[in-house]
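Comments concern the structure below.
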């Protein structure tokens, strides 16, 4: 039990030291720098979402094209290709 208590104290001190370092870094960089970084990250997330949507659309087109000829719906294929082409 004493060993566990000692480890907890050591880890608590390390955590407090890390929090202090983080706060010092935030103050040194400034809140504006953090806001700018968040804005950049939000833009990157939005770009990833758009790419994922395009990939899903392309997957739909490929899936339609790979269906056996008997099961194909030419109208659906045409619509899928047009939708994909409009997105380019």
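Residues to consider are 8, 55; find the one that is closer than 30 Å to residue 85 by Cα and either assigned to a helix (DSSP H, G or I) or at pLDDT 85 or above (or both).
On the way: 8 fails: closer than 30 Å to residue 85 by Cα.
The match here is 55.
Can you confirm whether segment 63-71 contains a residue that is out of contact with any strand residue (DSSP E or B) (no Cβ under 6 Å at 6 or more places or on another chain), more than 30 Å from residue 22 (Cα to Cα), assigned to a helix (DSSP H, G or I) and touching a residue at least 24 places away in the same chain (Cβ under 8 Å)? Give the steps one after another, and end with the answer.
The initial filter retains those residues of segment 63-71 that are out of contact with any strand residue (DSSP E or B) (no Cβ under 6 Å at 6 or more places or on another chain), namely 63-71.
Adding the requirement that they be more than 30 Å from residue 22 (Cα to Cα) leaves 63-71.
Subset that is assigned to a helix (DSSP H, G or I): 63-66, 69-71.
If we keep only those that are touching a residue at least 24 places away in the same chain (Cβ under 8 Å) too, we end up with none.
No, segment 63-71 has no match at all.
Only one residue in 32, 36 is at pLDDT 85 or above and over 30 Å from residue 85 (Cβ atoms). Which one?
Values: 32 fails: at pLDDT 85 or above.
On inspection, the qualifying residue turns out to be 36.
The values are calculated or read from the model by the stated rules, or taken from the named source; none is laboratory data. Small disclaimer: the values here were computed from a predicted structure and weren't measured. Virtual Cβ from ideal backbone geometry, glycine too; neighbours counted across all protein chains shown.
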